[in-house]
Amino acid sequence: MADDEKDRLGDQLHRKEKGEEERFFAERERKLLERLRQPGAVSPQSDATPSRSMRCPRCGIELIAVPHDGTAAAECPSGHGMWLDHADIEQLATRERDSWLGRFFHRPRR
């Protein structure tokens, strides 16, 4: 097989893989949007309990509450992140006033 044929075959394979990847993500996004649009879908503002009211913005899985030293973070079980509400951030910032977090939240505001 000539190098030119290998290059064309490689390009075709790459385009096919890219098309399959785009279809996969388009279908995944369509399903997530469909799930969010269903009546009774949980919205982040509907309840203050993270495990019942919030879903991971990346994968749509329900977040779980992880207690830690008097605060509770909403965590994605798939490892896509952790979220804190304003009250939890304020509590942490007050307690950790000398850390970067405390300095960030207790800096002078303009």
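Structural remarks
- Computed FRET value (nearest 0.05) for Val66 with Glu27, which takes r as the C-beta separation and R₀ as 41 Å: 0.85
- For Lys6, a cut-off of 24 angstrom between C-alpha atoms picks up these lysines, skipping any fewer than 8 places away in its own chain: Lys16, Lys18.
- Once the Cβ-Cβ distance of Arg103 and Glu20 is raised to the sixth power relative to R0 = 41 Å, the FRET efficiency obtained is 0.30.
All of the numbers you see were taken from the coordinates with simple rules; none came from a lab. No experiment lies behind these values; they were computed from the predicted model shown. So basically every Cβ, Gly included, is an ideal-geometry build from the backbone, and we count neighbours across all protein chains shown.
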